[in-house]
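Since the structure comes first, as C-alpha cells, the remarks are kept for the end.
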Amino acid sequence: MVGAVLVHQDTIIGEGFHQAYGQAHAEVNAFNSVSIADTYKIPESSLYVSLEPCNHVGKTGACTHRIIEEKVQKVFIANLDPNPNVSGQGMRFLQSKGVLIQQGILADKGKAIIAPFIVHQTQKRPYIILKWAQSKHAYLGVKGQQVWLSNAQSKVLSHKWRSDIDAILIGANTAITDDPKLTTREYPGEDPIRVLIDPHLRVPKDKAIFGENGKVIVCNYTKEGIEGNVTYLKMEEKEYSIASLCKALYKFDIYYLLVEGGAFTLEAFIKENMWDEARVIRTSHLLSDGIKAPTLKGRLLDKKAILGDEILYIENETVK
Ligand SMILES: NC(=O)c1ccc[n+]([C@@H]2O[C@H](COP(=O)([O-])OP(=O)(O)OC[C@H]3O[C@@H](n4cnc5c(N)ncnc54)[C@H](OP(=O)(O)O)[C@@H]3O)[C@@H](O)[C@H]2O)c1
C-alpha cells in the first residue's frame, strides 16, 4: 500500500513498494533498486512517497535514517502516517536534519491507496467490503431458493476478490439456502477464513461452510471454544453489534473482510455504517419478486461491464 519513487532531474532512478508486512519499506526498496551506475545521483535526487517515512525501528530499520544516510535533500509526501502515535514524527525528524519536506502532494489519491491502513490504525477493525449480485429489478434472491444471478466471468472476478481478502462473512440463511463453499476455486490464491453469523447455531454441520479445509469462525450467542477447524466466538446477545463483532475479528488478524450476504447481514453492516466499499454486480437476470437488494449511499468510484453484468464500485465517504 506504500510506494516510493526516487527522481533525478526528471528521470526515475529507483522505485519500490512495501511488499509484505515485516519486510523492507517502500523507501528502502526504492534505494536498493537504484543501479550501481546511478548511485552517485541519489544525493541530488528527490524522493516521492505515498506515506510519511517511518521514524521508528520496528521489524525493519527507520526509513528516515536511511534517507539521511543516502543524503537525499528533498522529500515529497502524499500523507502523514494515520497512526496518531507516530503521525508527523518522520517528517519532523527529517526537517530537523535539514531535509526539505513538502507534504500533501496528491493527498486524495494517496489516501485512497492507504484507506484500509487508515481504518486499521484509527478504528482497530477490518477494512470492510460489501458484495452482492442483484437482478435487473434489484432483487438479491428468492427466500429459501438458491438463485444464480451473475455470469461466469463475474464469478471469476468475485473469486479474485476472495483471494485478496483475509476473511469472508455470510449470514445463517445464506449458509443454509445457498450452501456456498466460499473458496477461491476459480482464481489462483489462498482461500479466505470463513465467518458465519449464526446466533442460534441453526446451520447444520454438513453444510459446505464447515468443509474441513481452512478456518471457520462461527459468531453465536451460546458457544465458545475450538472444535477441529471451527472456532466458536461467543457474543453477548445484549451487547452484540456489528461493530463489536468486527473488533473481535480484528483480533483474529482479519484485516480485510468481504461480506457476501444475504440481505439481512448486509443491511446490518449498512445500518451501523460499518462498511468501507461496496461492490455490486448488477445483472440483467429477471426476478419478479424476492428478497430486495440493500440500498446504500456512497460515492460511485468506478463502473465496469463484464459481458452482460455491470460492476459498481462504491466508496463510503463518511468513514474516512
Ligand atoms: N445475490 C447475492 O449476492 C446473494 C448473496 C448471498 C445470499 N443471497 C441470498 O440471500 C438469501 C438469504 O438472505 P437473508 O437476508 O434471508 O439472510 P442472511 O443474511 O443470509 O442470514 C440472516 C440470518 O443470519 C443471522 N444474522 C446475520 N446477521 C446478523 C446480525 N447482524 N445480527 C444477528 N443475527 C444475524 C440471523 O440468524 P438467526 O435468525 O438465527 O438469528 C439472521 O436471521 C438467500 O436466499 C440467498 O440466496 C444472495
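The values are calculated or read from the model by the stated rules, or taken from the named source; none is laboratory data. This one's a predicted model, so the numbers in the text were calculated from it and none came from an experiment. Here the Cβ positions follow ideal geometry from the backbone for every residue, glycine too, while neighbour counts run over all protein chains shown.
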>> Is it the case, given these coordinates, that residue 167 is buried (at least 18 other Cβ atoms within 10 Å of the Cβ), under 20 Å from the mean Cα position of the chain (by Cα) and either at pLDDT below 95 or in the same structural domain as residue 251 (by TED's automatic domain parsing) (or both)?
In response: yes
>> If I ask for residues that are at positive phi and within 16 Å of the ligand (Cβ to nearest atom), which ones from segment 102-140 would you list?
In response: 138
> In this structure, does residue 174 turn out to be surrounded by 18 or more Cβ atoms within 10 Å (Cβ to Cβ), more than 17 Å from the chain's Cα centre (by Cα), within 13 Å of the ligand (Cβ to nearest atom) and of a type in the set (Val, Ile, Thr)?
Replying inline: yes
> Tally time: how many residues in segment 91-111 are basic (Lys, Arg) and more than 30 Å from the chain's Cα centre (by Cα)?
Replying inline: 1
>> Considering only residues that are of a type in the set (A, V, I, L, M, F, W, C), surrounded by fewer than 19 Cβ atoms within 10 Å (Cβ to Cβ) and modelled with pLDDT of 95 or more, which ones fall in segment 246-279?
In response: 248, 264, 268
>> Can you tell me which of (1) under 19 Å from the mean Cα position of the chain (by Cα); (2) within 16 Å of the ligand (Cβ to nearest atom); (3) surrounded by fewer than 15 Cβ atoms within 10 Å (Cβ to Cβ) is the one residue 143 doesn't meet?
In response: (1)
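With segment 9-119 as the region, which helices (runs of 4 or more DSSP H) entirely inside it contain at least 2 residues that are more than 28 Å from residue 165 (Cβ to Cβ) and either touching a helix residue (DSSP H, G or I) at 6+ places or on another chain (Cβ under 8 Å) or at pLDDT 95 or above (or both)? Quick ask: steps written out before the conclusion?
Working: elements: 26-32, 63-69, 89-96, 107-113.
Because the criterion is at least 2 residues that are more than 28 Å from residue 165 (Cβ to Cβ) and either touching a helix residue (DSSP H, G or I) at 6+ places or on another chain (Cβ under 8 Å) or at pLDDT 95 or above (or both), the helices (runs of 4 or more DSSP H) in segment 9-119 that meet it are 26-32, 63-69, 89-96.
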>> Looking at segment 298-314 only, could you name the residues that are touching a helix residue (DSSP H, G or I) at 6+ places or on another chain (Cβ under 8 Å) and more than 14 Å from the ligand (Cβ to nearest atom)?
In response: 298, 299, 306, 307
> Any idea how many residues of segment 182-203 are more than 16 Å from the ligand (Cβ to nearest atom) and either farther than 14 Å from residue 260 by Cβ or in a loop (DSSP other than H, G, I, E, B) (or both)?
Replying inline: 7
